[in-house]
Amino acid sequence: MNILELVQREGERQKSSLNLIASENYVSDYVRGVLGTVFTNKYAEGYPGKRWYGGCEFTDQAEQHAIDLAKQLFKADHANVQPHSGTQANLSAYFAMLNPGDKVLAFKLEHGGHLSHGAPFNASGKYYKFVHYGVRKDDGLIDEAEFVAQLDAHPDIKLVVTGASSYPRAINFEKLGAIAKERGKLFMADIAHISGLVAAGVHPSPVPVSDFVTMSTHKTIRGPRGGMVLCSKKWASKLDRAVFPGTQGGPLVHVIAAKAAMLEEALKPEFVAYQKQVVANAKAMAKAFTEINPRRYRVITGGTDNHMVMVDITGTGKNGKEIEDLVGAQGVYVNKNFIPYDPRPNTETSGMRVGTPMVTTLGAREADMPRIVQFIDKAISGENVKREVSAFMSEIESRR
Ligand code: DSN
């Protein structure tokens with residue numbers, strides 16, 4: 001076995017399958033080319049102009065280029081482009097702001113939050129005391145009353161964290177930030193999923209109201225796997241020390257260079273058009289799920305404002321894991337997901353999360369969404385749709 005065989009097979013899998021995993025994307029050849037460069041050979045602990053190794057003249061310029069572009073794109077005072085992942089970005093932001101044992105308010109994992117927002121089995125939950133808010137049972141929207149009630153019940157909360165992994169609606173960062181600030185709390189937004197939408201102005205930006213904004217770089221923003229943190233001027237040196245040497249050692253210079261390539265692309269007008277199309281496609285997909293069979297598919301919140309659709313699949317008589325497997329066997333990838341107030345365990349779930357970033361990168365448009373939903377519906381009914389899926393993939397490729 002030669003590893004290149006697996007690389008090739010994975011490439012073929014990605015090309016021939018219909019990927020609806022909301023947190024994935026296809027990077028451009030430009031980003032992938034930069035990722036695979038000689039910068040992988042370089043050690044560069046420290047920051048531009050202040051390194052622990054020699055030979056960093058081009059590394060310094062590459063990292064500074066990424067920092068400058070991130071600040072420009074997100075209109076932020078300061079950017080750190082070294083975090084190895086979204087979770088590392090969050091841990092470094094906490095490390096900059098908090099002491100062990102400090103109290104934090106964040107969005108519940110079971111309602112669409114993230115592991116690194118205080119799950120008991122994650123470092124965040126072990127080192128800090130998290131309390132949570134969720135969504136309302138009737139409409140699935142963030143429960144602002146619970147958000148306020150938690151703040152009032154826990155006056156020792158130091159930091160408020162917003163942002164989600166599985167929430168299909170726009171988050172009112174301005175309002176939540178104002179509520180937190182009125183009470184003297186620090187405010188952080190994790191925009192891992194929606195960073196591309198925020199960068200393109202398709203989702204309101206949390207930057208003006210946040211002390212820290214964290215993200216991963218491989219989802220809607222379509223960059224290499226990694227993380228990034230933005231912060232206000234007063235936190236800049238604390239953040240940099242929290243990333244290195246606080247929570248990481250040497251940076252991945254080739255990944256930082258690829259983040260710069262991603263940011264160059266994100267500053268182009270085509271990127272805004274792409275993000276608008278991602279949302280338009282997700283809205284069309286939500287509508288198609290509602291129309292195909294509302295008894296089988298209940299679209300959580302009735303629709304979407306972003307790149308994902310959350311579907312309660314209880315009406316299909318199957319759980320999320322069974323659906324993920326059935327649909328996956330036909331070359332269509334969705335993922336099982338908790339729905340709010342889910343009675344099933346996380347290994348099963350009653351939900352399916354579907355996202356449009358990947359199919360939109362391939363060129364799919366609103367009119368394609370009902371067809372995609374049909375493939376999913378037929379696959380859930382046990383039909384073989386492999387041939388139809390592969391014909392669809394060739395068709396969208398031929399339109400490019
Ligand atoms: N695992 C990611 C997702 O799929 O949403 C979050 O980190």
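Restricting attention to the range 40-98, which residues are outside any helix (DSSP H, G or I) and free of Cβ contacts under 8 Å to residues at least 40 places away in the same chain?
Scanning the range 40-98 gives 48, 49, 50, 51, 52, 53, 54, 55, 56.
Among the residues in the range 285-301, are any in contact with a Lys or Arg (Cβ under 8 Å, 6 or more places away or on another chain), within 30 Å of residue 377 (Cβ to Cβ) and among the β-branched types (Val, Ile, Thr)?
yes
Among the residues of the range 99-112, which ones are over 19 Å from residue 344 (Cα atoms), within 16 Å of the ligand (Cβ to nearest atom) and free of Cβ contacts under 8 Å to residues at least 60 places away in the same chain?
Within the range 99-112, just 106 meets the criteria.
Pull up the range 190-217, narrow it to residues that are in contact with a strand residue (DSSP E or B) (Cβ under 8 Å, 6 or more places away or on another chain) and aliphatic (A, V, I, L, M), then point me to the one that is farthest from residue 273 (Cα to Cα).
This residue is 209.
Looking at 338, 289, which one is more than 17 Å from residue 362 (Cα to Cα), within 16 Å of the ligand (Cβ to nearest atom) and among the aromatic types (Phe, Trp, Tyr)? Spell out the reasoning first.
On the way: 289 fails: within 16 Å of the ligand (Cβ to nearest atom).
Going through 338, 289 in turn, the sole match is 338.
Just to be sure, is residue 91 surrounded by 18 or more Cβ atoms within 10 Å (Cβ to Cβ), over 30 Å from residue 261 (Cβ atoms) and either of a type outside the set (Ser, Thr, Tyr) or away from the ligand (no atom under 16 Å from the Cβ) (or both)?
The answer is no for residue 91.
Being aliphatic (A, V, I, L, M), outside any strand (DSSP E or B) and within 16 Å of the ligand (Cβ to nearest atom): is that true of residue 310 here?
no
Are any of the residues in the range 350-361 modelled with pLDDT of 95 or more and part of a loop (DSSP other than H, G, I, E, B)? Talk me through it step by step, then tell me what you get.
Pass one, the range 350-361, residues modelled with pLDDT of 95 or more: 350-361.
Filter again for part of a loop (DSSP other than H, G, I, E, B), leaving 350, 356.
Within the range 350-361 (the criterion being modelled with pLDDT of 95 or more and part of a loop (DSSP other than H, G, I, E, B)), the answer is yes, since at least one residue qualifies.
Provide a single number: the residues in the range 177-197 that are away from the ligand (no atom under 15 Å from the Cβ), touching a residue at least 12 places away in the same chain (Cβ under 8 Å) and either under 20 Å from residue 286 (Cβ atoms) or surrounded by fewer than 24 Cβ atoms within 10 Å (Cβ to Cβ) (or both).
8
Working only within the range 63-88, note down all residues that are within 16 Å of the ligand (Cβ to nearest atom) and in contact with a strand residue (DSSP E or B) (Cβ under 7 Å, 6 or more places away or on another chain).
Listed by number, the residues that qualify are 83, 84, 85, 86, 88.
Can you work out which of the residues in the range 201-225 that are within 23 Å of residue 185 (Cβ to Cβ) and among the β-branched types (Val, Ile, Thr) is farthest from the ligand (Cβ to nearest atom)? Spell out the reasoning first.
So in the range 201-225, the residues within 23 Å of residue 185 (Cβ to Cβ) come out as 203-215.
Keeping just the survivors that are among the β-branched types (Val, Ile, Thr) gives 207, 209, 213-214.
On the way: 207: 21, 209: 23, 213: 16, 214: 11 Å.
Filtering first and then ranking leaves 209.
When the range 1-36 is examined, which residues are found to be assigned to a loop (DSSP other than H, G, I, E, B), β-branched (Val, Ile, Thr) and either within 16 Å of the ligand (Cβ to nearest atom) or without any contact (Cβ under 8 Å) to a residue 40 or more places away in the chain (or both)?
21
Which condition breaks for residue 228 when tested against (1) within 16 Å of the ligand (Cβ to nearest atom); (2) within 17 Å of residue 306 (Cβ to Cβ); (3) outside any loop (DSSP other than H, G, I, E, B)?
It is condition (2) that residue 228 fails.
Of all residues in the range 99-115, which are outside any helix (DSSP H, G or I) and touching a Gly at 6+ places or on another chain (Cβ under 7 Å)?
104, 106, 107, 108
So which residues in the range 113-135 are closer than 16 Å to residue 346 by Cβ, surrounded by fewer than 18 Cβ atoms within 10 Å (Cβ to Cβ) and more than 16 Å from the ligand (Cβ to nearest atom), if there are any at all?
Once the filter is applied, which keeps residues that are closer than 16 Å to residue 346 by Cβ, surrounded by fewer than 18 Cβ atoms within 10 Å (Cβ to Cβ) and more than 16 Å from the ligand (Cβ to nearest atom), the range 113-135 yields only 120.
Does residue 12 satisfy the condition of being within 30 Å of residue 355 (Cα to Cα) and loosely packed, with under 12 Cβ neighbours inside 10 Å?
Numbers: within 30 Å of residue 355 (Cα to Cα): yes; loosely packed, with under 12 Cβ neighbours inside 10 Å: yes.
Criteria met by residue 12.
Across the range 29-69, what is the number of residues that are in contact with an Asp or Glu (Cβ under 8 Å, 6 or more places away or on another chain) and surrounded by 15 or more Cβ atoms within 10 Å (Cβ to Cβ)?
6
Kindly indicate whether any position in the range 249-269 is within 16 Å of the ligand (Cβ to nearest atom), touching a helix residue (DSSP H, G or I) at 6+ places or on another chain (Cβ under 9 Å) and not hydrophobic (A, V, I, L, M, F, W, C).
The answer is no; no qualifying residue exists.
With respect to residue 291, is the statement that it is within 19 Å of residue 17 (Cα to Cα), surrounded by fewer than 23 Cβ atoms within 10 Å (Cβ to Cβ) and of a type in the set (Asp, Glu) true?
No, not satisfied.
The values are calculated or read from the model by the stated rules, or taken from the named source; none is laboratory data. Because the structure is predicted, anything quoted here is derived from the model rather than measured. Reconstructed Cβ throughout: ideal geometry from the backbone, glycine too, with neighbour counts over all protein chains shown.
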